[in-house]
Amino acid sequence: MSTLHVIDHPLIQHKLTYIRDKHTGTKEFRELVDEVSTLMAFEITRDMPLEEIEIETPVCKAKSKILSGKKIGIVPILRAGLGMVDGVRKLIPAAKVGHVGLYRDPKTLTPVEYYIKLPSDVEERDFIIVDPMLATGGSAVDAIQSLKQRGAKNIKFMCLIASPEGVKAVQRAHPDVDIYTAALDEKLNEQGYIVPGLGDAGDRLFGTK
Ligand SMILES: O=P(O)(O)OC[C@H]1O[C@H](OP(=O)(O)OP(=O)(O)O)[C@H](O)[C@@H]1O
Ligand SMILES: O=c1cc[nH]c(=O)[nH]1
Ligand SMILES: [Mg+2]
């Protein structure tokens, strides 16, 4: 069974409060999502492999550690996932970025895939799929499936807010994929929105409402 990591560092909780607040405007919302994504990336990269090299400090020769060059791919689920890419990339600048285009049909709540483009060396990379909201889980399950079909073997899913239903759906369909979230909320409402959540992440990021 995959692990659910709730990254509830005080800085993340503080920023998430203003992300949730309906009085927060588009510019500040975007900046806060970017900042929280960077803070979460710090935790999601905790298990990155290291290797020891020899260097010379001004004082003496020393053995010291560097990242052992694991290839990473960041894949936002369009549109809202785009708001998290730059925040993660600040910490992993060598990562390549793929895209999965999905929208949730407002009536059936099932995901409709309209675009996919991944780095050519899919099989050699570890992937971090990013999307602010894990609601019914349909979009995440579908995006993970699309990456696996194209050869991805090691995938993590990162969101800002998850619902218990979404976590269950991902764990059932993809027990090998760990989920990283800043908050686990209470439930979904009848329209499939997370309660209390933050509303429509795509609309709030891009000012489309
Ligand atoms: O877990 P689910 O029930 O699938 O819902 C979550 C999805 O809904 C939102 O996208 P939306 O469909 O609103 O598309 P958008 O990002 O283009 O606004 C969100 O960004 C997720 O991708
Ligand atoms: O609460 C939700 C659920 C799905 N998509 C969103 O943007 N927000
Ligand atoms: Mg949306």
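The table below lists the values:
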quantity	calculated
Subset of the stretch 157-178 (residues that are more than 12 Å from ligand 1 (Cβ to nearest atom) and touching a Ser or Thr at 6+ places or on another chain (Cβ under 9 Å))	Met158, Gln171, His174, Pro175, Asp176, Val177, Asp178
Filter pass, Lys153 being of a type outside the set (Val, Ile, Thr) and away from ligand 1 (no atom under 15 Å from the Cβ)	yes
Strands (runs of 3 or more DSSP E) completely within the stretch 81-191 that count 3 or more residues being in contact (Cβ under 8 Å) with a residue 12 or more places away in the chain and either within 13 Å of ligand 2 (Cβ to nearest atom) or within 13 Å of the chain's Cα centre (by Cα) (or both)	99-104, 126-130, 154-162, 178-184
Residue tally, condition open to solvent by 70 Å² or more (accessible area, probe 1.4 Å) and of a type in the set (A, V, I, L, M, F, W, C), over the stretch 76-117	3
Positions within the stretch 36-75 being part of a strand (DSSP E or B), in contact with a Lys or Arg (Cβ under 8 Å, 6 or more places away or on another chain) and surrounded by 16 or more Cβ atoms within 10 Å (Cβ to Cβ), in sequence order	Ile72, Gly73, Ile74
Condition broken by Thr181, with the remaining ones in (1) within 16 Å of ligand 3 (Cβ to nearest atom); (2) open to solvent by less than 20 Å² (accessible area, probe 1.4 Å) satisfied	(1)
Looking only at the stretch 192-209, and only at residues there that are assigned to a helix (DSSP H, G or I) and in contact with a Ser or Thr (Cβ under 8 Å, 6 or more places away or on another chain), the one that is farthest from ligand 2 (Cβ to nearest atom)	Phe206
Qualifying positions in the stretch 1-35 - open to solvent by 70 Å² or more (accessible area, probe 1.4 Å), at pLDDT 95 or above and either in contact with a strand residue (DSSP E or B) (Cβ under 8 Å, 6 or more places away or on another chain) or hydrophobic (A, V, I, L, M, F, W, C) (or both)	Leu11, Gln13
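The values are calculated or read from the model by the stated rules, or taken from the named source; none is laboratory data. Note that the coordinates shown come from a computational prediction; the quantities given were computed from them, not determined experimentally. As a convention, Cβ positions derive from the backbone with ideal geometry for all residues, glycine included, and neighbour counts pool all protein chains shown. Heavy atoms of the whole protein, side chains included, go into the accessibility calculation; ligands, DNA and RNA do not. Shrake-Rupley method; radii C 1.70, N 1.55, O 1.52, S 1.80 Å.
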